[in-house]
1. So how many residues does the range 64-82 have that are assigned to a helix (DSSP H, G or I) and open to solvent by 70 Å² or more (accessible area, probe 1.4 Å)?
2. Taking the criterion of being closer than 25 Å to residue 156 by Cβ, open to solvent by 10 Å² or more (accessible area, probe 1.4 Å) and in a strand (DSSP E or B), would at least one residue in the range 285-294 satisfy it?
3. Which residues, counting only those in the range 83-131, are over 18 Å from residue 182 (Cα atoms), free of Cβ contacts under 8 Å to residues at least 12 places away in the same chain and of a type outside the set (D, E, K, R)?
4. Cβ-Cβ under 8 Å, sequence separation 6+ or interchain: first residue in the range 178-199 and touching a residue at least 40 places away in the same chain (Cβ under 8 Å), partner of a type in the set (S, T, N, Q). Which pairs?
Amino acid sequence: MALSPESMPEKPFDFRAPPPSPIASGRRSCVTNEDVLSEFLQHSLRVPDLVLPDKVFPRQNFIENPPKIDFQLLSSMESDSLSKILDSITRIGCFQLVNYGIEGECIRSALAAAAGIFQLPPEKRRAVTRSPPEKLYGFEEAHGEKEEEGEGKVSEEFVWCRGAGLKLEMEAIWPVGYSNFSEKMESLLCDIEKVAEKILMAIRQNLPPKTDYENDMKQGQGGIGSGCYVYKHSRNMSAEKCSGSLRYDVIRMLIRGFDYSHALCLHVCDGSSEFHVYSKKGWVSFCPDKDALVITVGDQTQALSGGQFKHVIGRPIYKGEKEDCISMAFLYSPPSTTNTTKVDPQKGKNTISLSQQAIAAIVLTLVYHILVFVYNKF
């Protein structure tokens, strides 16, 4: 007799888990294993501390003073002045010049007039700051902008150049003083250009004729001519602040350099304690001779020589001075490598306004329709 489904006994489902694996004798507990794993992960995922070396700047090397060249003997066939110049600018990119024929009173009067620029109050300076960066003249705040009690800024900078834009802006904030300063700077710059022209001519005579480097140099010119960087070096600076300023100068010089493309730079820095020469391959310093101009090679001369002469950037250093000091760096570009038409460096490139473009578009459209009408008519 068959059993009906209702009469069959029910079998419950068996959900029991399999028995645990046996633990070997001597094995650590789960809690201990978790501690070991946590410690391992903690050490494995730890981000290492980044420690930078103390000396991240090129090492400063003191060298013997570059040759001191007598300007009056430069064209003499019996003098070895030119060979000394060529050797020095090949090795370190600079040399010293004495007996250059510029009266000391002319230099001192320009330096004295330049000191007045840095006496202008900050609110007036802001009107002639180098902002945006394309602006090639005016004040630029150097390292050490935050003044400490009893101490001023390590150095301040003003870029002077020929141009109507700078004259108008400066006369608006310093009418009487700037006219006097500009007149003295113009007189000194004329003398500086005569000296630089003769030096560059002597250097060119000892180079191969026309090269691709020279052509590239001419095409790269912006037609801005000569300019001057005027620096004020503050007195009684602490050793720590001077060291910080030097580090800032090294970075700034190597990255930015000068905004003016130039052939030579003539530094008026009488009384400086040291003169530092920066290049991408090193940093050297020496003690300049009294009343000597320090001449450094610019990018144009390096291009002209096919890379033989070293383009460097120089900066005088004043230590332990009881008074503020003024130095100047005149950047010289020869007329042959600049545009023949006079260009105001403040104005930049010529631009066409939107209204002029709209008028031109309307005129061209009318001319087009007139030509189409005439063509269809005849």
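1. Matching residues across the range 64-82 total 2.
2. no
3. Residues satisfying the conditions are 83, 121, 122, 131.
4. So the pair list comes out as 184/109; 189/226; 192/226; 193/226; 198/75.
The values are calculated or read from the model by the stated rules, or taken from the named source; none is laboratory data. Because the structure is a prediction, the values reported are computed rather than measured. Here Cβ is always computed from backbone atoms with ideal geometry, including for glycine, and neighbour counts include all displayed protein chains. Ligands, DNA and RNA are stripped out before the accessible areas are found, and what is left, the full protein with its side chains, is counted by its heavy atoms. Shrake-Rupley method; radii C 1.70, N 1.55, O 1.52, S 1.80 Å.
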